[in-house]
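Any read-out appearing in this document is the output of simple, stated calculations on the displayed coordinates, not a laboratory observation. Not measured: the values here are computed from a predicted model. In this analysis, Cβ positions are derived from the backbone assuming ideal geometry, glycine residues included, and neighbour counts consider all displayed protein chains.
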Amino acid sequence: MGLLMLDEVDSTNTYAREHCDELEDGTLVVARRQTAGRGRRGRSWISPPGVNFTGSVLFKRLNDGFHAGCLLGVAALALIRELAPELPVYLKWPNDLYIEDRKLAGILCESARIENGRITAVAAGIGINVNLPPETLRSIDQPATSLLAETKREFNLDFFSKKLAETVNRYYIIYLNNAGTVIQEWVAANLLAGESLTVIDPRGEAHTGIFRRILEDGSMLFEEKGAPIAFTCGDVKIDRDSVDWNRLKQKASNHYKQPKE
């Protein structure tokens, strides 16, 4: 497990996939400048050079994107809580990091190696708004934030990368010994459970209702007009006026007070 720093690359996920055989398991590939970063559903990720964190972890002992996303999500969350403990950061199902209704980070997992029709390695990419200034945030077509905007402090990206590599390594070891521990932490960090939300399903249809809980397979149990629906994928939209933010902040505070194994 290691850290590979690249000055420029089209996509760290693409690099991890194309160099799967020679990279060590658990390697975090970081780009100081990424020219073709992607989000879910083909969206681009606005990231000026030297401002944000963009990287991918190559997991050679994972065979699905769901578990890779959970692992990377809780690791990134743990690091941000370490560097900026005052921030009420949480996970928004399925794989984003948010502060209130503002997106801080996104995760995209792709198969890195397929053998005999089975996925045998996963590239888990993450983009984190670290030092993105408020004027650039305002140009994004959805509510977004950065660590700089929230803390009024700049962060050293090389230090940030090294710390994330260490944190991912720690969670990977935990996962390989007891995957359930990491999944439980991921579930607990999804603090929007119980709130009113809108989910856009893969067909583009909007469903408004209550996010009840996460099921054992990682899908979302949603209630629309009294009827339960299980979503295995979809885009969650937050209506700022429909969420009890004081309750969510209290849930975040209670969650981070819990001892971690």
Euclidean distance between Cα centres, segment 107-159 to segment 161-229, Å: 18 Å
Shape category assigned to segment 146-261 from the gyration tensor of Cα positions, a/c cut at 1.5: prolate
Compactness of the chain as Cα Rg over 2.2 N^0.38 Å, two decimals: 0.96
Ranked by how many other beta carbons lie within 10 Å on average, peptides 161-168, 175-182 from highest: 161-168, 175-182
Distance (nanometres) between label positions extended 7 Å along Cα→Cβ at SER139 and ASN116: 5.1 nm
Residue-averaged 222 nm ellipticity for the chain, from DSSP H runs of 4+ at -39500 (n - 2.57), nearest 500: -9500 deg cm²/dmol
Fluctuation leader among GLY55, GLY117, GLY194 - the chain, Gaussian network, Cα springs under 10 angstrom: GLY117
Rounded to whole Hz, the Karplus (6.51, -1.76, 1.60) HN-Hα couplings of segment 195-206, x for glycine and proline: 9, 7, 9, 10, 10, 9, 7, x, 8, x, 7, 8
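State whether segment 206-261 is rounded, prolate or oblate according to the following rule on the C-alpha gyration tensor (a ≥ b ≥ c being the square roots of its eigenvalues): a/c under 1.5 gives rounded; otherwise a/b larger than b/c gives prolate, and the remaining case gives oblate. Intermediate results must be reported in sequence, preceding the final value.
Details: a/c = 2.48, a/b = 1.39, b/c = 1.79.
The shape class here is oblate.
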Segment 65-70 - phi-based ³J(HN,Hα) in whole Hz, Karplus 6.51/-1.76/1.60, Gly and Pro as x: x, 4, 5, 5, x, 4
Fully extended contour minus Cα-Cα distance, from ASN246 to THR35, at 0.36 nm per residue: 72.1 nm
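Can you tell me how much longer the chain between GLU205 and ALA179 gets when fully stretched, taken as 0.36 nm per residue apart minus their C-alpha distance, in nm with one decimal? Write out the running numbers ahead of the final one.
Details: separation 26, 0.36 × 26 = 9.36 nm, distance 3.35 nm.
Extra length from GLU205 to ALA179 when fully extended: 6.0 nm.
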Paramagnetic reach from ARG61 in segment 77-120 [backbone N under 16 Å; point 7 Å along Cα→Cβ]: 120
Rounded to 5, the percent of DSSP beta bridges in the chain classed as antiparallel: 90 percent
Most mobile of ASN190, ASN169, ASN246 in a GNM of the chain (Cα contacts under 10 Å): ASN246
